[in-house]
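Here is the structure we will look at, set down as structure tokens.
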Amino acid sequence: MKNNQFARLAVDHETVNKELQRIHFIDDQVRSARTAADTYRLLLRKAFLKVRTDSEFEMKLKNYLATPEMDLRDYLVTGQPITPKVFYLVALQLFNFLADVDYEIDDPLAATKRMQLPVTSGVGIWDKDQLLDAWYLLLTTHTKDGQTFLDQLTNQGYFVPFYDLPFSEKPLFFNGKAQAVFDTTKLIRDVVYVESSVDSDHDGTRDLLKVEIVRPVDTEKGLKVPVLYTASPYNQGINDEAGEKATHNVNVPLAEKQPNDLNYEDIAWHDGGTVLPDPRPISGETKQATETFSRELSYTLNDYFLARGFAAIYSAGIGTLDSDGIQTCGDPQQTEATVDVIEWLNGKRRAFTNRTDNIAITAWWCNGSVGMTGRSYLGTLATAAATTGVEGLKTIISEAAISSWYDYYRDGGLTIAPGGFPGEDADVLAIETLSRMKSAADYQLHINDFFAGQMKQMARDMDRESGNYNTFWDARNYRKAIKNIKCDVLMIHGLNDWNVKPRQVEKLWEGLRDVPVTKKIILHQGQHIYINAFRSIDYTDMINLWISHELYGIENGAEEILPNVIVQDNVIPETWTAYQDWSEPDLPRTAYNLTPGELVMTPVSHEIMSFKDNLPEDVFERYAAHIDQWEHDILTNQKSELSENRLLFQSRPLDEDRIIDGHARVHVKVAVNRPLGMLSFQLVDYGETKRFNVSPSAIHGMDLAYRWREDRLREFTLAKFATPFKMITKGHINLQNRENPWKVNELKPEQFYDVMIELQPTFHKLVAGHRLGLVVYATDFGMTVRGNQDLRYSLDLGGCHLEVPFK
């Protein structure tokens, strides 16, 4: 194990004393203790929560080694001094590390250094103050189980006596973070219906939005709490069968497009304004919700904070079960509906206890501060909401979020599938998330015909055949409004996420550079995943520090302490590094020229190299059914059935480790034998080595609070066997969209054109001895349409080069 903690606050001794008193580790007995050994014994007694008698405590002490020759009980009974070596030998055992596996009993400090566990400075015999400093640090340090020692004690019931604190003494903060002093067995679950400012189903009434609320019982006594809000169109269920039926066939030819002379203003979306139905009349007011629920479809990060003084709310939004409206796949109506819930939370919008009685209810229990959480579509709606500048939204924690829907379903004038979902498109996602379908009467009697007509219109507007950027996609481009963001932004994204690709977060990060808000980004080696239960990084602690500051206003230094950029290493397991920036626009680029089979820095070659796109029908069908085999064969150095369908260029072995930071650019001079065509590119790390497994490995379960919900502790591990290569990044372009994705250029057969493409951004370490590779091809079986057309592409190598941003 290697411990990486970014959210632990370094505090002075005065703060140590104050905060240990706050959480009752220092009491009258500890204050009266004369020696460090006596103090240590009292602290251990408080930490051994599973024993109730002194005799049981004494027996437990005998299970711990104080030195290689003496157990902890005998060591303390004989009045021996507390030294760093003794303290950290015991600490490793308290942290559940195994002797002779994780550490050597005769040198515990070597293990703490190797595992990056912090230790209190000082040598020799500790006095009482040094012992207390060390205990404080111990409580804030991560154990083998991926949580702080204090969280480990929390899960055993340490904070149960704090449940009955008066609400004026809650929440409770330690080391800048909220602690689990709220009783999760008494959480209140309410349902309300927020009246939105849209009428997306055109029924003449404003859409009502079902909101599920989970809040501490302490709010009934006067405590006002902030909200973690997850806007999830999946929350009330999805329509797998309908989505599968609507999925588009990708085995269709690439179409020739009619050239145009459009500029951006010709296709820009502008809000034309809508006339809304009148608000509902209010028949009465109440503070008591009349509807509840048994179990929400929750996010484990939110679950963690329900024990720590935050409410969690979930809303699926328009077009979902028990709400009004239809699904619109990321358009301004969906954004507005998402924001309307925030406006209710800060007192600027009405909600009702049910759908019929018009009894108004306010969020009287909320302090008006909202943070949005969630991954994928959930993080996308958080991003969309942030771009409105809505009051009350203090921060978003957007994980794997879309910042422009065009870049999710299109790329460079091509229809491109999100990784793993060939044939999905905006209309398919709208159908899948219209959970109103699950109510037969509501769907059949009220919106079936209208929604079917809207889906036909969406199919036309999204223009799957051309792949061009148009008004439909411009309306779903949140980057245009980044300048309106007023909340602080924490972004998390996988560098191997080919569902929501890394460009989505890079463009958001880039757009925020000059916006006067605090922004942070965490880049991990995963695909489309959550990372809040990773063992090697204190992700949950960072979020705790962040939202304790953002939503409770605690001055804990979160903005300064958390690095601007944190990146997980792709070579060394359990390694995370802080940086000032990512994908810096001014980072120097190394240019490689292309010669047959090679990437070189010598003068250019003027040879012509060609490859074809079509395959024998049986080979085509096999690859279409086994995309993983295609992914291997398109990159392999060995001869395969794709050898004539790609060009491969490789550098010399690197003399030293190099880091690619940002997006590479490929410049090609290309010709094709027909008036249509596309190019695809992959940047590849060639070198035999053991690489990370594709998915993190589960370690074991982990509690989120005392007798509360659980998560699965996970970590990326090295594969058992070495592999010869790994894709770093990729990119695609329609050769008729050489200037931009809305302007269509003429493409004359056999005429060479200069084309430049930015590949998806990355942060990738190439180790010494490996080669950098560039693969050029056309059809991408996992992402593009697959027409198996008789297309032949030629590159004039004299006009081709690769630019790589090495850090």
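The ranking of 28, 331 from fewest to most other beta carbons within 10 Å of each one's beta carbon is 28, 331. Shown for 206, 622, 410: other C-beta atoms within 10 Å of each C-beta, ranked fewest to most, produce the order 622, 206, 410.
Helix 539-552 axis versus longest C-alpha principal axis of the chain: approximately 80°, rounded to the nearest ten.
Placing a label point 7 Å from the Cα of residue 656 along the Cα-to-Cβ direction, the residues of the stretch 769-807 with a backbone N closer than 19 Å are 769-772, 804-807. For residue 707 and residue 109, the FRET efficiency from 1/(1 + (r/R0)^6), where r spans their Cβ atoms and R0 equals 41 Å, is about 0.70. Please work out the FRET efficiency for the pair residue 217 and residue 619, using the Cβ-Cβ distance as r and a Förster radius of 51 Å; give the result to the nearest 0.05. With a Förster radius of 51 Å, E is 0.20. Once the Cα-Cα distance is subtracted from the 0.36 nm per residue extended length, the residue 28 to residue 96 segment shows a gain of 21.5 nm. Mean sequence separation of contacting Cα pairs (under 8 Å, at least six apart), scaled by the length of the stretch 13-172, corresponds to a relative contact order of 23 percent. Between the helical axis of 332-345 and the longest alpha-carbon principal axis of the chain there is an angle of about 20 degrees. Across the chain, the longest run free of exposed loop sites, meaning chymotrypsin sites (Phe, Trp or Tyr not before Pro) lying outside DSSP classes H, G, I, E and B with no more than 11 other Cβ atoms within 10 Å, spans 1-363. Taking 0.36 nm per residue of sequence separation and removing the Cα-Cα distance, the residue 292/residue 261 pair yields an extension gain of 5.5 nm. Cα centroids of the stretch 692-765 and the stretch 551-618: 11 Å apart. Relative to the dominant Cα principal axis of the chain, helix 377-386 is inclined by about 90°.
Would you mind computing, in nm to one decimal, how far apart the modelled labels at residue 35 and residue 698 are, each placed 7 Å from Cα along Cα→Cβ? Going from the residue 35 label point to the residue 698 one covers 4.9 nm. Could you work out the relative contact order of the chain, using alpha carbon pairs under 8 angstrom and six or more residues apart, expressed as a whole percent? Reported relative contact order: 14 percent. Distance between the modelled labels on residue 362 and residue 591, one decimal in nanometres: 6.5 nm (7 Å Cα→Cβ projection). Roughly how far apart, in whole Å, are the Cα centres of the stretch 393-441 and the stretch 267-314? Rounded to whole Å, the Cα centres lie 21 Å apart. Each of residue 748 and residue 276 was given a label point 7 Å from its Cα along the Cα-to-Cβ line. The distance between the two points is 5.6 nm. With the charge dipole of the chain set up from +1 on Lys and Arg Cβ and -1 on Asp and Glu Cβ about the Cα centre, the Cα lying farthest toward the positive end among the listed residues 180, 791, 672 is that of 180.
Based on Cα contacts under 8 Å between residues 6+ apart, the stretch 590-804 shows a relative contact order of 40 percent. Among the GluC sites (Glu not before Pro) found in the stretch 47-113, those both in a DSSP coil and sparsely packed, with 10 or fewer other Cβ atoms within 10 Å of their Cβ, are 69. Distance between the C-alpha centres of the stretch 75-131 and the stretch 325-370: 53 Å, rounded to the whole angstrom. Taking 18 Å as the cut-off, the amide N atoms of the stretch 740-778 that come nearer than this to a point 7 Å along the Cα-to-beta-carbon line of residue 601 belong to 766-774. Counting neighbouring beta carbons within 10 Å and listing from fewest to most, the residues 207, 38 come out as 38, 207.
Applying both filters, DSSP loop and at most 14 other Cβ atoms within 10 Å, to the trypsin sites (Lys or Arg not before Pro) of the stretch 275-312 gives 287, 295. In the chain, taking the dipole from charged Cβ atoms about the Cα centre, the farthest positive-side position among 481, 362, 378 is held by 362. Dipole of the chain computed with +1 at Lys/Arg Cβ and -1 at Asp/Glu Cβ about the Cα centre; of 697, 450, 806, farthest Cα towards the positive end is 697.
A Förster radius of 41 Å combined with the Cβ-Cβ distance from residue 439 to residue 718 puts the calculated FRET efficiency at roughly 0.25.
Each value in this text was obtained by applying a stated rule to the coordinates, not by laboratory testing. Remember, it's a predicted structure, so these values are computed and weren't measured experimentally. Because the Cβ atoms are built from the backbone with ideal geometry, glycine has one as well, and the counts that use them run over all protein chains shown.
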